[in-house]
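The values are calculated or read from the model by the stated rules, or taken from the named source; none is laboratory data. Please read these numbers as outputs of a predicted model, since none were measured by experiment. A quick note on method: Cβ atoms are made from the backbone with ideal geometry, for glycine too, and the neighbour counts reach across all protein chains shown. Protein only, heavy atoms only, side chains kept; ligands, DNA and RNA dropped before computing areas. Shrake-Rupley method; radii C 1.70, N 1.55, O 1.52, S 1.80 Å.
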Amino acid sequence: MFERYAPQRYSVFLLLGFLILLSGCPKKPPTRSYQDALEALKRARQAQADKCAKEELQSAEKMMAEANKLMDEGKFEEAKVAFDAARKLADKAREESDLNKEKCLKPKPDNTVKQTPPPTLITANENPTADNRQSLEPVYFGFNQYTLEGNNRDILQRHAEWIKQRPNARIQIEGHCDQRGSIDYNLALGERRAIAVKKYLEKLGVSSSQLSTISYGHQRPADPGMTAEAHNKNRRAEFKIGQ
Amino acid sequence: MSRFFLCFYRYLFSALWVFFAISFVQPAQAQRLKVKLGDLSLKRYPIAVPDFKGDGRTAAKTVAILRKSLDLCGAFRVLSPASYLERAPRDGFDPNSFDFEPWKSVGAEGILKGNVMAIGSSYRLQFRFYEVGTQKLALQQDYIASNDSQVRWYTHLFADHLYKFMTGEPGIFASKVSFIRNNRGKQEVWLMDIDGQAMQRLTNNGSINALPAWSPNGRYIAYTSWKERNPDIFVHDINTGKAQKISSFQGLNTGATWSPDSQRIAFSASRGTDNMNIYIVNADGSGLQQLTQAKWGERNLSPSWSPDGKQITFVSTRFASPQIFVMNVDGSGARRVSMQGNYNQAPKWSPRGDWILFTGRDERNVFDLFLVSPTDGQVKRLTQNQGSNIEAAWSPNGRNIIFVSTRNGVAKLFIMTHEGKHQRQITFQPGQYLTPSWSPRLSKD
């Protein structure tokens with residue numbers, strides 16, 4: 001990545017740069033392959049490969065991440081190969097998913113009594129005595145991440161049930177980031193997080209008219225510290241409930 | 001005056017000046033110029049600024065402003081007043097009223113002397129700049145200041161004259177900086193002089209305000225505010241003190257920046273979707289144009305105009321991680337320019353056009369400031385091993401950079417040269433200081 005100041009190493013880089021030049025490294029990023037791969041992944045997800053062809057989808061996503069990494073490193077040729085591979089894997093995942101669909105989407109025989117778990121309710125910190133208002137716990141994200149996985153999906157599943165039982169409730173989803181990086185990028189990232197949550201809740205059957213989003217970037221930290229722990233607490237989507 | 005100057009500077013200066021300078025004016029010019037700005041790091045011009053004569057308090061204030069400001073820009077080295085030898089009876093400020101010998105021996109190449117005289121409630125300010133080598137008066141200016149803030153203003157104006165005289169380029173002192181000050185959760189837009197003094201609050205809405213952007217004609221400041229709940233873009237008119245809302249799409253409206261002619265604003269908006277796009281709108285909010293076409297959750301943000309107004313640099317996540325891109329002002333021809341690092345943000349095109357300044361995260365996950373060439377992708381590092389350094393802005397002459405650094409704990413504003421040299425803290429009062437934006441040269445306080 002960025003080299004620290006080291007003049008004695010310049011000649012090595014010059015040589016390296018020259019070699020890359022000689023090897024005919026393509027100057028243009030493989031935009032086409034990237035978009036094809038993205039589209040294939042999207043189709044796979046639409047075909048519910050996350051449920052019916054989990055492993056295949058995962059390997060496609062892994063290849064995609066690998067390709068993005070190569071892209072960041074400027075290795076366009078390798079990135080193109082990886083994107084093409086990701087596309088093939090995604091297509092495979094979609095086909096597999098289509099084949100398995102009927103079987104895997106059938107509700108599993110469930111021995112336990114079906115029961116909606118109680119909504120996660122915690123008393124609002126800011127106003128403990130004011131009224132009987134209750135709040136929905138936040139979901140947390142990884143660095144520069146906005147995808148919703150495992151635990152977050154469970155939390156949102158419970159939130160969705162809670163919201164659906166209260167058709168008059170209006171929920172504002174606030175996207176937040178940790179306090180690293182530029183304010184404008186984090187505003188966009190916070191927006192992306194809030195919208196990812198909104199979309200997921202809608203997918204779970206919550207009416208979109210009950211949901212709105214807002215991004216605060218890193219301007220309203222839950223923990224003003226600059227420790228790793230504080231960063232973890234700050235990368236979140238919060239739920240503000242109104243009537 | 002301001003508009004005339006700016007027009008002159010922008011349209012005639014940049015085009016004709018370069019032409020003339022190269023052809024025949026340059027040799028004469030080069031002989032006169034004492035400081036070559038390309039090599040600020042090699043040698044700063046040693047200047048002595050002895051105490052001014054006249055009205056004690058105001059004279060002391062004027063000298064303090066000059067010493068601090070001249071030192072900030074990185075073109076001068078203000079010699080420590082403790083080293084000055086001149087205590088002789090002949091220590092006047094007019095020509096032939098003092099001797100040059102004592103100044104030669106402290107290593108000064110220039111001497112800035114002055115006199116401040118109270119006339120009723122006004123002050124007469126007299127500035128005299130001498131060159132030790134020729135033993136001659138090289139530059140002089142007299143001003144009448146009717147109050148304290150005008151004393152500040154004229155002192156900075158003279159500093160600009162001196163900078164121009166020494167370097168052949170417009171100075172940075174008769175300009176201001178707007179920024180966000182986060183003091184106990186209140187995040188308002190503030191203004192100050194470039195030496196960190198004369199702070200004043202511009203907004204007072206008690207909400208969150210972010211990303212102020214000063215228009216190149218000096219009249220407007222655009223900013224994002226949550227004051228009506230949704231993050232919308234407002235344009236504050238400094239002459240009237242009124243703010244007009246110019247973009248209020250559902251969702252995020254942010255990152256406003258001005259075209260070089262101050263007629264148009266580029267910004268980014270999500271319009272409530274998971275995509276983010278860059279738009280251009282006229283300064284009055286009319287004539288909306290969409291420049292990027294984001295798909296699949298791609299975010300395009302943080303636009304900044306090239307000085308010729310023909311291109312825009314911006315951040316895009318189209319290849320997953322945020323990277324710096326350049327496109328034509330109609331949205332065509334987008335290409336990636338940052339090829340190193342995987343977290344590059346907040347690009348700002350230099351007023352000279354040759355570099356794009358940005359915040360990047362290095363291999364140790366530390367945020368620092370870098371330059372990237374929009375033509376060949378060459379990268380230069382400006383800050384290192386000094387906390388996290390982010391969100392920089394150019395001075396109007398492209399020779400200095402103001403930025404946010406956490407090197408001393410809380411985020412404060414610093415100024416350095418365009419080469420990353422001579423880094424100086426300028427804000428010390430409580431609170432976090434964020435997202436600075438430098439005004440053009442202003443004609444009046």
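Taking every residue in the stretch B:240-259 that is within 13 Å of chain A (Cβ to nearest Cβ) and touching a residue at least 24 places away in the same chain (Cβ under 8 Å) and pairing it with any residue that is buried (at least 23 other Cβ atoms within 10 Å of the Cβ) and among the charged types (D, E, K, R), at least 6 positions away or on another chain, the pairs with Cβ-Cβ distances below 8 Å are B:L252/A:E191; B:T254/A:D184; B:G255/A:D184. Among the residues making up the stretch B:204-222, those that are within 19 Å of B:L434 (Cβ to Cβ) and either in contact with a helix residue (DSSP H, G or I) (Cβ under 8 Å, 6 or more places away or on another chain) or touching a residue at least 40 places away in the same chain (Cβ under 8 Å) (or both) are B:A210, B:L211, B:P212, B:A213, B:W214, B:I221, B:A222.
For the residues A:Q179, A:Q172, the requirement of being within 14 Å of another protein chain (Cβ to nearest Cβ), open to solvent by 10 Å² or more (accessible area, probe 1.4 Å) and touching a Lys or Arg at 6+ places or on another chain (Cβ under 6 Å) singles out A:Q172. Screening B:S268, B:S259, B:S178 for residues that are closer than 23 Å to B:K412 by Cα and hydroxyl-bearing (S, T, Y) leaves exactly one candidate, B:S178. Among the residues examined, B:A108 qualifies as in a loop (DSSP other than H, G, I, E, B) and not aromatic (F, W, Y). One residue is enough: does the stretch B:351-368 have a residue meeting the conditions in contact with a Leu (Cβ under 6 Å, 6 or more places away or on another chain), under 21 Å from B:Y279 (Cα atoms) and either within 11 Å of chain A (Cβ to nearest Cβ) or open to solvent by 10 Å² or more (accessible area, probe 1.4 Å) (or both)? Scanning the stretch B:351-368, I find no residue that is in contact with a Leu (Cβ under 6 Å, 6 or more places away or on another chain), under 21 Å from B:Y279 (Cα atoms) and either within 11 Å of chain A (Cβ to nearest Cβ) or open to solvent by 10 Å² or more (accessible area, probe 1.4 Å) (or both), so the answer is no. For the stretch B:34-52, the count of residues that are outside any loop (DSSP other than H, G, I, E, B), over 26 Å from B:W153 (Cβ atoms) and modelled with pLDDT of 90 or more is at least one.
Could you tell me whether any residue of the stretch A:206-219 is of a type outside the set (S, T, Y), away from chain B (no Cβ under 12 Å) and surrounded by fewer than 20 Cβ atoms within 10 Å (Cβ to Cβ)? Looking through the stretch A:206-219, at least one residue is of a type outside the set (S, T, Y), away from chain B (no Cβ under 12 Å) and surrounded by fewer than 20 Cβ atoms within 10 Å (Cβ to Cβ).
In the set B:S321, B:S388, only one residue is within 24 Å of the chain's Cα centre (by Cα) and not hydrophobic (A, V, I, L, M, F, W, C); that residue is B:S388. Against the numbered list (1) within 11 Å of another protein chain (Cβ to nearest Cβ); (2) within 26 Å of B:F249 (Cβ to Cβ); (3) open to solvent by 20 Å² or more (accessible area, probe 1.4 Å), B:N385 comes up short only at (2). Tell me yes or no: at least one residue of the stretch B:322-334 is within 30 Å of A:K198 (Cα to Cα), open to solvent by 10 Å² or more (accessible area, probe 1.4 Å), within 13 Å of chain A (Cβ to nearest Cβ) and in a loop (DSSP other than H, G, I, E, B). Looking for residues that are within 30 Å of A:K198 (Cα to Cα), open to solvent by 10 Å² or more (accessible area, probe 1.4 Å), within 13 Å of chain A (Cβ to nearest Cβ) and in a loop (DSSP other than H, G, I, E, B), one finds none in the stretch B:322-334, hence no.
Residues of the stretch B:394-406 that are within 12 Å of another protein chain (Cβ to nearest Cβ) and over 19 Å from A:D178 (Cα atoms): B:F403 alone. For the stretch B:196-233, the tally of residues that are open to solvent by less than 10 Å² (accessible area, probe 1.4 Å), more than 14 Å from chain A (Cβ to nearest Cβ) and not in a loop (DSSP other than H, G, I, E, B) stands at 1.
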